[in-house]
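Notes to accompany the following structure.
The values are calculated or read from the model by the stated rules, or taken from the named source; none is laboratory data. Treat the numbers as computed from the prediction; the structure is a model and nothing was measured. Using ideal geometry, Cβ is built from the backbone for each residue, glycine included, and neighbour counts are taken over all protein chains shown. Accessible surface is based on the protein model in full, side chains and every heavy atom, while ligands, DNA and RNA are left aside. Shrake-Rupley method; radii C 1.70, N 1.55, O 1.52, S 1.80 Å.
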Amino acid sequence: MSIGGGQRPAVRVQVDPRALSAVGLTLDDVRTAIGAANVNQAKGGFDGPARASTIDANDELSSPADYENLILAYRSGAPIRLRDVATVVKSAENVRLAAWANRDPAIILNVQRQPGANVIEVVDRVHRLLPALQASLPGAITVVPLTDRTITIRASVEDTQFELLLAVALVVMVVFLFLRSVPATVIPGIAVPLSLVGTFAVMHLAGFSLNNLTLMALTIATGFVVDDAIVMIENVSRHIEAGVPPLEAALKGAGEIGFTIISLTVSLIAVLIPLLFMGDVVGRLFRVFAITLAVSILISAVVSLTLTPMMCARLLRHQPEREQGWFHRASGRVIDGLIARYGVALGWVLDRQRATLAVAGGMLALTVVLYVLIPKGFFPVQDTGAIQGISQAPAAVSFAAMAERQQALARVVLEDPAVESLSSAIGVDGTNATLNSGRFLITLKPKNERSGDAMTVIRRLQPKLAAVPGVELYLQPVQDLTIESTASRTQYQFTVQAVDPQDLSTWVPRLVNRLRSEPRLADVVSDQQDDGLQAYLEIDRDAAARLGVTVAAIDNALYGAFGQRLVSTIFTQSNQYRVVLEARPDQQTGLAALDGLYLTSATGAQVRLGSVVRLQEKNAPLAINHLAQFPAATISFNLAPGASLGQAVNTIERAERELGMPASLRTGFAGAALAFRASLLNTLFLILAAIVAMYIVLGVLYESTIHPLTILSTLPSATVGALIALMIAGSDLGVMGIIGIILLIGIVKKNAIMMIDFALDAERNEGLSPRDAIHQACQLRFRPILMTTLAAMLGALPLMLGTGVGSELRHPLGITMVGGLIFSQVLTLFTTPVVYLAFDRLAARLARRASAATLEPAPAIVQP
């Protein structure tokens, strides 16, 4: 799509209506003469330019000079040529479109990829074509890439790739610190890349690409896929350290931990099921994320159950203490000391089970309180290095005045040190609905070359732009993830529909004024523009009939003078150019220009337009927008600093109720605000669905209704930690935070699964009491629990601390996971054993009641 400069060259015939009238001609005569000139010069004769291929180029009018010499008529034997009544110039087909690249006039080509095409590949192909395109153009024309969105996309992908590699390195480091063995570290160092490579293969078969969402899923997956390998390696290492031969230790350890890995994997995939069935646009976006993560987890389980035990048998060896290095011995003493201290602390907690249960219950209540208190949002605002803007001038502004004001805004923007370049455009086209609005696309310098993010630049520019008279510029950062269907002045939209447009004219301004007084909203503006100027021509039909003037003649005169009428076409070997008819520019302003037009009556006499019409200037809407076939107005708004989208939505709904808007008006949010409302309604359902899915899967695996509840008791502490972390970071609870909480549900239950599996095994095979069994299981599993939790946390840490392009989108996900894991790790190590014992007592009590009911004798039947 091209913007600005009328899109292609043309010949413009600018007629002086007064000069035409003086020689007894009208604009319709000029149009007829120009059209007939080309037709009559066609050899063989034909009707219209549709058969222009038969025209001899030497006979056709092909330049302004040719048209200037065109004879329109004869007066007193002398020819009246076109140059006598008009000026013929080379210009653009539509002079009411204009665009600029920085400060220079330009024609801007917007290249957009087709659905399903890879945007980076498309841009690379365009760049390869540019030298050939430049060579085919005159030397005065320069082709310059003005805005390349793939620069930030590439930077964002590279930053995410770095975070992925960093997460892998941190995860492998955790394994080395705890197992203190290079061979033991090599095993997960191979298992993690192998799982990711397998995921790439499935992604390729599914048609997925490497983008922000899939790379984010792979980064999270590094902490997940290593868990299974850690659990397997740690268990096999424990037997080898006890003196068991490597092959026997691998078989024994894999047999002990196999069911645990299956439980971990299946329950974790069950948590992702709600993400796979999320509705609306958000669901379609994150379905790819969930599938990528689920595939990586499934492949890691297969690798951990097959390749990992085999590598353990081959690579791991028992190392006597005298052969161990100082680091090995020192770190071993530290870990053994931690396990011993944990065992003492756990015994102290098990002696105070009621207080611990109260703490667990308090976590559940605190989860509800924090969820109510935390601000709700949608997607975080990203700094992608680009800002889009929409300018708006008064409704009665002329095209020339709008062009001056647009360029004044551009000069202010370009003075900012953070701005690299910009493009701007005005005029009515497929994007701009009215003449008094324009568009900006501002490209910022790379992050390391400017101070402040995109929002900081916007806030810095706003006071300077407000000083430009007669125009306003609304700015917002360009986002990687956007679900807006229309371009609006600000970030969020609220629509008002009515059957009668007059109701919109009455109530929309009242609502806009009310919302502008709200401290949580900023830049509130409506697309309703009812104060435009319009010339009304009321035809005196009696006078027109008396003078022989038809309505069609009036319409043709108006169109010929002011409509940029296409009256002919110039054909060349490689292109075609239009001939445009219009009145002289200085005679296209004011009502006097209308009054000066002359019409041809049925008798051939000249009739002044003012003789048959009454001219009146009135206010009128520049455009009437429609939504679902009804007249509608869109109110756009931004969030004030520190405000959340949830607070803004509540503010608008309250203002609507307080105004008492009539029932004939239909209101609703649109775009991101509408999707936010839908996601807010689905949030609790998604979390509940994840919990129910995991409970069902665990119930089937353990063949119990009690043990899954013990595992699920770890969830409140993780949610509390996530919500507190978001509050400390100043983030609201949006889509990424919700996904982080859902992933936390899958992570933190791993601790409980590892504890309960070994406790149940100790009760069944070693005959230990429930308390002794859970105490022993917690101590045996303390090291793998710490390892898996640290691996998951360090896998999410790069997402939380990332500073690259678009990293703001990933921050809430990393914050929720890191905060939830830290908080839940401290609590679940003590609350889970207590909850396990509480549910064990409950199960025993229920079993005794069921047994007593079974053994109770039946009542005797007395025969009469």
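Taking the Cα atoms only, what angle lies between the long axis of helix 149-179 and the longest principal axis of the chain, rounded to 10 degrees?
The helix 149-179 is inclined about 10 degrees to the chain.
Amide H to amide H under 5 Å from Ser421: which residues, 5+ apart in sequence or cross-chain, H placed 1.01 Å off N in plane?
Under 5 Å from the amide H of Ser421 lie the amide H atoms of Thr443, each far enough along the sequence or on another chain.
Could you tell me whether the range 630-700 comes out rounded, prolate or oblate from its Cα gyration tensor? Rule is a ≥ b ≥ c as square roots of the eigenvalues, rounded for a/c under 1.5, then prolate if a/b exceeds b/c, otherwise oblate.
On the way: a/c = 3.07, a/b = 2.27, b/c = 1.35.
It comes out prolate by the Cα gyration axes.
Using θ = phi - 60° and the Karplus form 6.51 cos²θ - 1.76 cosθ + 1.60, what ³J(HN,Hα) does each residue of the range 109-116 get, whole Hz, x for Gly and Pro?
After applying 6.51 cos²θ - 1.76 cosθ + 1.60, I find 9, 8, 9, 10, 6, 6, x, x Hz.
Would you mind telling me the share, in percent, of accessible area of the range 715-819 contributed by carbon and sulfur at probe 1.4 angstrom? Don't skip to the end; give the middle numbers.
On the way: 1530 of 2610 Å².
Carbon plus sulfur share of accessible area: 58 percent.
Long-range amide H contacts for Leu521: which residues qualify at under 5 Å (H placed 1.01 Å from N, peptide plane, sequence gap of 5 or more or a different chain)?
Amide H neighbours of Leu521: Ala640.
Just from its helices, what would the mean residue ellipticity at 222 nm be for the chain, if runs of 4 or more DSSP H residues each count -39500 (n - 2.57) and the sum is divided by every residue, rounded to the nearest 500 deg cm²/dmol? Working shown, then result.
On the way: 25 runs with 490 residues, N = 864.
Mean residue ellipticity, 222 nm, calculated: -19500 deg cm²/dmol.
So what is the relative contact order for the chain, in percent, with contacts set as C-alpha pairs under 8 Å and at least six apart? Mind showing how you got there, number by number?
Details: 1393 pairs, mean separation 157.8, N = 864.
Contact order relative to length: 18 percent.
Could you give each residue of the range 418-427 its phi-based ³J(HN,Hα) in whole Hz, using Karplus coefficients 6.51, -1.76, 1.60 with θ = phi - 60°, and x for Gly or Pro?
After applying 6.51 cos²θ - 1.76 cosθ + 1.60, I find 8, 8, 8, 6, 8, 10, 9, 8, 9, x Hz.
Output the peptides 176-186, 127-137, 292-302 sorted from most to least packed, where packing is the average of other Cβ atoms within 10 Å over each peptide's residues.
Working: 176-186: 18.4, 127-137: 10.3, 292-302: 23.5.
Top of the packing list down: 292-302, 176-186, 127-137.
Among Ser644, Ile624, Gly35, whose Cα sits farthest toward the positive end of the charge dipole of the chain (+1 at Cβ of Lys/Arg, -1 at Cβ of Asp/Glu, about the Cα centre)?
Of Ser644, Ile624, Gly35, it is Ser644.
On C-alpha positions alone, give me the angle between the axis of helix 27-40 and the longest principal axis of the chain, in degrees, nearest 10.
Between helix and principal axis, roughly 90 degrees.
In the range 550-641, which chymotrypsin sites (Phe, Trp or Tyr not before Pro) are in a loop and have at most 15 other Cβ atoms within 10 Å, using DSSP for the loop call? Walk me through the intermediate numbers first.
Working: sites: Tyr559, Phe562, Phe571, Tyr577, Tyr598, Phe637; in loops: none.
Nothing satisfies the criteria.
In terms of modelled amide H atoms, which long-range or inter-chain residues lie less than 5 Å from the amide H of Glu93?
HN-HN under 5 Å from Glu93: Arg8, Ala10.
Using alpha carbons only, how many angstrom separate the centre of the range 208-229 from the centre of the range 90-116?
41
Student exercise: in the chain, how many lysine pairs 8 or more apart or on different chains have Cα atoms under 29 Å apart? Provide the component values of the computation, followed by the final result.
Working: Lys43/Lys90; Lys252/Lys749; Lys252/Lys750; Lys376/Lys447; Lys376/Lys749; Lys376/Lys750; Lys445/Lys464; Lys447/Lys464.
So the count works out to 8.
So, for the chain, what is the accessible surface per residue at a probe of 1.4 Å, expressed in square angstrom? Before the final figure, lay out the partial values.
Values: 39750 Å² over 864 residues.
Per-residue accessible area for the chain comes out at 46 Å².
Determine the relative contact order of the range 554-691: mean sequence separation of Cα pairs under 8 Å and six or more apart, normalised by residue count, in whole percent. Please list the in-between numbers first.
On the way: 80 pairs, mean separation 15.2, N = 138.
With pairs under 8 Å counted, the relative contact order is 11 percent.
Output the 0 to 90 degree angle, nearest 10, between the alpha-carbon long axis of helix 280-315 and the longest principal axis computed from the alpha carbons of the chain.
The angle comes out at about 40 degrees.
Which order do the peptides 627-636, 656-665 take when ranked by the mean count of other beta-carbon atoms within 10 Å per residue, highest first? Kindly include the intermediate steps, with their values, before the conclusion.
On the way: 627-636: 18.2, 656-665: 12.2.
Answer by packing, highest mean first, reads 627-636, 656-665.
Where does each of 213-226, 74-87 land if you order them by average Cβ count within 10 Å, highest first? Mind showing how you got there, number by number?
On the way: 213-226: 26.5, 74-87: 14.8.
Output ranking for 213-226, 74-87: 213-226, 74-87.
Whole-Hz ³J(HN,Hα) for each residue in the range 225-232, computed from phi via Karplus 6.51 cos²θ - 1.76 cosθ + 1.60 with θ = phi - 60°, x for glycine and proline: what do you get?
Going residue by residue, I get 5, 6, 4, 4, 5, 4, 4, 5 Hz, with x marking Gly and Pro.
How far apart, in nm, are two points set 7 Å out from the Cα along the Cα-to-Cβ line at Val344 and at Thr306?
4.7
What does the charge dipole of the chain about its Cα centre add up to, to the nearest 20 debye, if the Cβ of each Lys and Arg holds +1 and the Cβ of each Asp and Glu holds -1?
Working: 68 positive and 68 negative charges, 214 e Å.
Dipole about the Cα centre, nearest 20: 1040 debye.
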